[in-house]
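Just so it is clear, none of the values below were taken in a lab; they were calculated from the coordinates. All values derive from a computational prediction rather than experimental measurement. In this analysis, Cβ positions are derived from the backbone assuming ideal geometry, glycine residues included, and neighbour counts consider all displayed protein chains.
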Amino acid sequence: ACTSDSGDDSTLTVCTNVPFEPFEFMDGNEYVGFDMDLMNLLAERLDQTVEVVEIDFDSIGSGSALNAGTCDIAAAGLTITEERQAAMGMSQAYYRADQALVVPSASTVATLDDLSGMQVAVQSGTTGETYANDHAGQYGYEVVAFETMGDIASALSAGSVDASIADLATWTDMIKDAPDLKLVQPIETEEHYGFAVQKDDKELLDEVNAMLDQAFKDGTYAELYEKWIGE
Ligand code: GLN
């Protein structure tokens, strides 16, 4: 059923970037999370086995990885945007997301208004980077791009940057393991995550959407949501 160049028919190759809790992260040397479980559902439906390809987020978000045949599908907490819909085949939405402002616990920064003259870390190629760039003039901060969320957490802990803007759910989970960081302001951007396939892979896109329809209907989605995200 798989029309892509990557892998063979028995393998569903999945591009992702970690850590991005609770959607994709490492448990030992296994990739786990909400996105990964949904990819397992898809693979089951297609009678395939998931093989994860870990690459930089930039190549995922721009569509270059998919369109070069690096993988069949991207599962990366990927926000549906017009640019991405033009560059790739984007599925229906499966998660409603926002951004958040995170700072070291000892920081006096409470809102975006306190960021004048500061360095704000973002992940390269993300909607958080776009948001930060779009508001840098208004709030008077400088944007510094990092390749992974892990790099951002380290830079914040080391004090080499003052703050970060990235996806709310991921920061909410990541600060649980980083008591030296705190989330001070959710930023409502009303984003929706989708899975992405190669631009012309209508067959796989239909399967992803059907998998989601089925999971929404039969309670599997609710079960996985509860397992990974809660509430
Ligand atoms: N949702 C954001 C985006 O699509 C960030 C995703 C990520 O860092 N994995 O740009």
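Of the listed requirements (1) more than 13 Å from the ligand (Cβ to nearest atom); (2) of a type in the set (A, V, I, L, M, F, W, C); (3) buried (at least 16 other Cβ atoms within 10 Å of the Cβ), ILE55 misses just one: (1). When GLY230 is tested against the conditions (1) in a loop (DSSP other than H, G, I, E, B); (2) crowded, with 16+ Cβ neighbours inside 10 Å, the lone failure is (2).
Summed over segment 113-137, residues that are over 9 Å from ALA163 (Cβ atoms) and in contact (Cβ under 8 Å) with a residue 40 or more places away in the chain total 7. A search for C-beta distances below 7 Å between a residue of segment 87-105 that is within 14 Å of the ligand (Cβ to nearest atom) and any residue that is among the aromatic types (Phe, Trp, Tyr), counting only pairs 6+ apart in sequence or on different chains, returns SER91/PHE195; ALA93/TYR193; TYR94/TYR193; TYR95/TYR193; ALA97/TYR193; GLN99/TYR131; ALA100/TRP171; VAL102/TRP171.
Among the residues making up segment 197-227, those that are within 19 Å of GLN85 (Cα to Cα) and either over 19 Å from the mean Cα position of the chain (by Cα) or loosely packed, with under 12 Cβ neighbours inside 10 Å (or both) are LYS199, ASP200, ASP201, LYS202, GLU203, LEU204, ASP206, GLU207, ALA210. In segment 118-169, the qualifying residues are those that are more than 20 Å from LYS182 (Cα to Cα) and of a type in the set (Val, Ile, Thr), and the one that is farthest from the ligand (Cβ to nearest atom) is THR130.
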